[in-house]
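What follows is a short report on a single structure.
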Amino acid sequence: MSKVNYMCIGTQKAGTSSLPEYLNLHPDVSMKGEMHFFDKPRDQPLNEEMTVRYEQALASEKRLRGEKTPSYMYLRHAMDRIAAYNPDMKLIVILREPVARAYSQYNFDKACGFIRSITWSFWRDLSRIVPLEKIDANGPHRIVRGFYDQQLEYIFQRFPRENVHIAVSEEVRNDKQKEYGKIFDFLGVDASSVKIDRALDKNIGVYKSPIPAYMERKLERIYAPHVERLYDILGYKIGAWERYG
């Protein structure tokens, strides 16, 4: 069976759940939901039998077969495994302004019962920030998931930049036809084959209260140097994020 040839690797809470809804509209593109194949703990190696089952789960008559698992992006061992599996893999990255992304994850985790208090969990997380290179297994890691600069720098060590498409969640939300057209172009399929005339978005969160001021200020300070470094990597600023610049 042929290898999986593209995937969305992140980031979490950036609209990746909606991606299969839109990409599957294309006659040549198949995308499945979260597979969590490459993000198994570092000490759990993948074998041939597991790989075959993975490929079978993504089987499709369409030319492009892919999946989206937003935890891949920040886990270095996951990126190592993807590169070993298919060094020609095309990667879709969707970024969301990191302060908003983090608060969205806190709200999601609270709604799911993973945490009882956003305030308590936030201050605990601040004392438990683990460098990306030391993370051996998928977990909440709510703050470091927003260190996009470090994540992209590592990804570009494993894959050529032309194999990575970077989209911005806020821009995708504002102009789906244009931004999904860019993704189809990146994948090498005819973007004009799909007309997006209705919203298919999934998992749109509604907050009971806005982000607390203390949390916003602290996260702004944490993310500021990472956003500036990200802009250096991209070669441009993201206008929708500039209120935090």
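Tabulated results
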| item | result |
| --- | --- |
| Selection from the range 75-104 of residues that are hydrophobic (A, V, I, L, M, F, W, C) and under 30 Å from P212 (Cα atoms) | L75, V93, I94, L95, V99, A100, A102 |
| Cβ pairs under 7 Å, 6+ apart, first in the range 58-83 and closer than 12 Å to Q151 by Cα, second of a type in the set (A, V, I, L, M, F, W, C) and part of a loop (DSSP other than H, G, I, E, B) | Y72/F38; L75/I135; A78/F38 |
| The range 104-125, residues that are surrounded by fewer than 16 Cβ atoms within 10 Å (Cβ to Cβ), of a type in the set (S, T, N, Q) and part of a helix (DSSP H, G or I) | T119 |
| Within the range 56-71, tally of residues that are touching a Lys or Arg at 6+ places or on another chain (Cβ under 7 Å) and charged (D, E, K, R) | 1 |
| Criterion: at pLDDT 95 or above and touching a helix residue (DSSP H, G or I) at 6+ places or on another chain (Cβ under 9 Å) - qualifying residue of V194, V168 | V168 |
| Condition met for E61 (among the acidic types (D, E), at pLDDT below 95 and touching a strand residue (DSSP E or B) at 6+ places or on another chain (Cβ under 9 Å)) | yes |
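The values are calculated or read from the model by the stated rules, or taken from the named source; none is laboratory data. Just so we're clear, the structure is a prediction, and the values are computed from it rather than from any experiment. Neighbour counts run over all protein chains shown; Cβ positions are idealised from the backbone, glycine included.
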